[in-house]
2 protein chains.
Amino acid sequence: MRGFVFLENDPFSPIRYIYRVSGILYSGKSRYQEIVVLESPDFGKMLVLDGVVQLTERDEFFYHEMLAHVILHAHPNPKTVLIVGGGDGGTLREVLKHSSVKRVQLVELDRQVIEVSKRFFPGLAGGFSDPRVHVKCMDGTHYVRQAGDHFDVVIVDATDPVGYGKRLFTDQFFADVLSVLSETGMFVIQTESLHFHHKFVADMQIRLSKLFKVVELYCIPLATYAGNWWTFSIASTKHPVDAQNRKQEVITKYYDEEAHKKAFVPRNLHRKLLDGSLDW
Amino acid sequence: MRGFVFLENDPFSPIRYIYRVSGILYSGKSRYQEIVVLESPDFGKMLVLDGVVQLTERDEFFYHEMLAHVILHAHPNPKTVLIVGGGDGGTLREVLKHSSVKRVQLVELDRQVIEVSKRFFPGLAGGFSDPRVHVKCMDGTHYVRQAGDHFDVVIVDATDPVGYGKRLFTDQFFADVLSVLSETGMFVIQTESLHFHHKFVADMQIRLSKLFKVVELYCIPLATYAGNWWTFSIASTKHPVDAQNRKQEVITKYYDEEAHKKAFVPRNLHRKLLDGSLDW
């Protein structure tokens, strides 16, 4: 590797990543964070927030498909969806593939992330012009505290739990999410790496279990998130989530019924995670 | 991250990794490669060959458990095992946990890797003193061409397919492996990352299919191998390998029956990999 590189600055990771870079397409500061768009010969365009890679064109579909389609197939009939965060539009794109979904409320803190995505990532941001979509630019924690609405599915597409991101990982926020869920509602949130942050993952699972009837954990391997064995904590007020309750109707690159089932962590591992006996 | 760091030099990866390092415990050149042992505050001791991390004390068990136990549980009664490579002893340690195994032949090119492992990684190298173990230091490709023996299981624990490592990924070598397998024999080899090297993985699977009746693919997420969605190509002359044919008797940190089954890639993904329609 030689030439121009980008050194990632991920405060949550014991490994730092270096990417080859062929250009800086955008660099700006919003009220909340530094926003950079890089061009990489290996990964296409990359969105970087406060020095941490959020997505690359090459592999974003893994994260967005597995964040959106597991919960939307586990729920028997999702009509209304709340996305907290996800200003790049990738999760929105996947959610809109479901014909059952009649209304999506997206609440993104940083309007500038949406604008940058519309400009540089048209493959992700197309959903913003869909008539089913309603966007609010505000703090998601405020939104769920005040929302009069109920949703069948709530998806939190958050950055790491640092700075503003921290607010989306609190007991208060989880309780507020529960209060905006419909009777058969389901909730999913990314919860970092099982390799590097398993104590954090366990803490999230235990705290969610105090509020939700069903709490499970699934993972996907992501090459561009340090720690890479990325977890999603998924909670339900009624139905199990480790199997599809609806037949797959969406076209995907990776997600399918088998990937859905296999993503859920083995029961023994889940038990060890929760009782604190995981020894790595 | 600040202070003393190690910049990995992995020619096979589009991302380069940087690790914090608290000391260099050993540095030497063998006839075949540069061998370094680092101390990391995050990963414990690390073995580095020609600038590429081979293992860390913190997470080596993932790789070694999943390399050894999938094949040894898929085989109905493994008595004799050939390990090609694996001079650090980690795979050997796992193989020896099986009471059915009466004889293990380990063939490592570089004697100095074994010596360094015995000195710095006693948690891995303990198996070398087991009376069931026979060690030869020579080129594994020569060994399988000349071996009079037959083995129930052949495990190739190789470095990346560069330099000397290349020889362990050729048609000739695979054919020679087949010739040393017993009638119900099975063969497993690491085949790089499904994220970064899927064309390589596909090529390996297709070439193995020309020789073996059953060829399957399983993966584990490894934080310290760039590309991390690490593949193992597993081939059998007779039995399927995606399910355990023997009940688990070994004590493990990660491997179990459910992890075994879930590690095999979804059928749709496998099909797309083989027909060249994987689009990432």
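Some notes on this structure:
- Loop sites in segment B:168-226: trypsin sites (Lys or Arg not before Pro), DSSP, at most 14 other Cβ within 10 Å: B:Lys210, B:Lys213
- Distances from B:Lys136 to itself in the other copies, using label points 7 Å out along the Cα-Cβ axis, amount to 7.2 nm in increasing order.
- Label geometry 7 Å along the beta-carbon vector: A:Gly276 inter-copy distances in nm: 5.6
- Of B:Phe151, B:Phe196, B:Phe232, the one that fluctuates the most in a GNM where chain B has Cα springs shorter than 10 Å: B:Phe196
- Remark: relative contact order (chain B) = 17 percent; criterion is Cα-Cα distance under 8 angstrom and separation of 6 or more residues.
- Choice from B:Thr231, B:Thr252, B:Thr191 with maximal GNM fluctuation in chain B (Cα, 10 Å cutoff): B:Thr252
- Ascending distances from the A:Ile206 label point to its copies in the other chains, with the point 7 Å along the Cα-to-beta-carbon line: 5.1 nm.
- The Rg/Rh ratio of chain A, with Rg taken over Cα atoms and Rh as the Kirkwood radius over Cα pairs, comes to 0.94.
- For segment B:108-232, the relative contact order comes to 20 percent (Cα pairs under 8 Å, sequence separation of at least 6).
- Segment A:260-280-segment B:256-273 distance, computed between alpha-carbon centres (Å): 18 Å
- Cross-link pairs A:Lys102/B:Lys199; A:Lys253/B:Lys210; A:Lys102/A:Lys238; A:Lys199/B:Lys261; A:Lys261/B:Lys118 - those with Cα-Cα distance over 30 Å: A:Lys102/B:Lys199; A:Lys261/B:Lys118
- Gap separating the Cα centres of segment A:12-37 and segment A:48-97, nearest whole Å: 20 Å
- Summary of packing: across the peptides B:87-99, B:156-168, B:51-63, the per-residue average of other C-beta atoms within 10 Å ranks them, highest first, as B:87-99, B:51-63, B:156-168.
- Reciprocal mean inverse distance between Cα atoms of the protein assembly as shown - Kirkwood radius, Å: 24.6 Å
- On a per residue basis, the convex hull of the C-alpha atoms belonging to segment B:15-121 measures out at 109 Å³.
- Segment B:218-263: trypsin sites (Lys or Arg not before Pro) falling in loop per DSSP and having at most 16 other Cβ within 10 Å: B:Lys238, B:Arg246, B:Lys247, B:Lys253
- Computed Kirkwood radius, in angstrom, where 1/r is averaged over Cα pairs of segment A:5-56: 11.2 Å
- Computed [θ] at 222 nm, helices only, for chain B once each DSSP H run of length n ≥ 4 contributes -39500 (n - 2.57): -8000 deg cm²/dmol
- Label point at B:Lys166 placed 7 Å out along Cα→Cβ; residues across segment B:64-105 whose backbone nitrogen lies under 13 Å: none
- In angstrom, the C-alpha Rg and Dmax of segment B:29-79 are 14.8, 42.
- Figure legend: label point modelled 7 angstrom from the Cα of B:Leu211 along Cα→Cβ; residues of segment B:94-116 with amide N under 20 Å from it are B:105-109.
- Residue of A:Leu208, A:Leu194, A:Leu222 that the Gaussian network model of chain A assigns the largest fluctuation, springs spanning Cα pairs under 10 Å: A:Leu222
Values in this text are rule-based calculations from the coordinates and carry no lab data. Quick caveat: nothing in here was measured; it's all calculated off a predicted structure. FYI the Cβ positions are ideal-geometry reconstructions off the backbone, even for glycines, and counts take in every protein chain you see.
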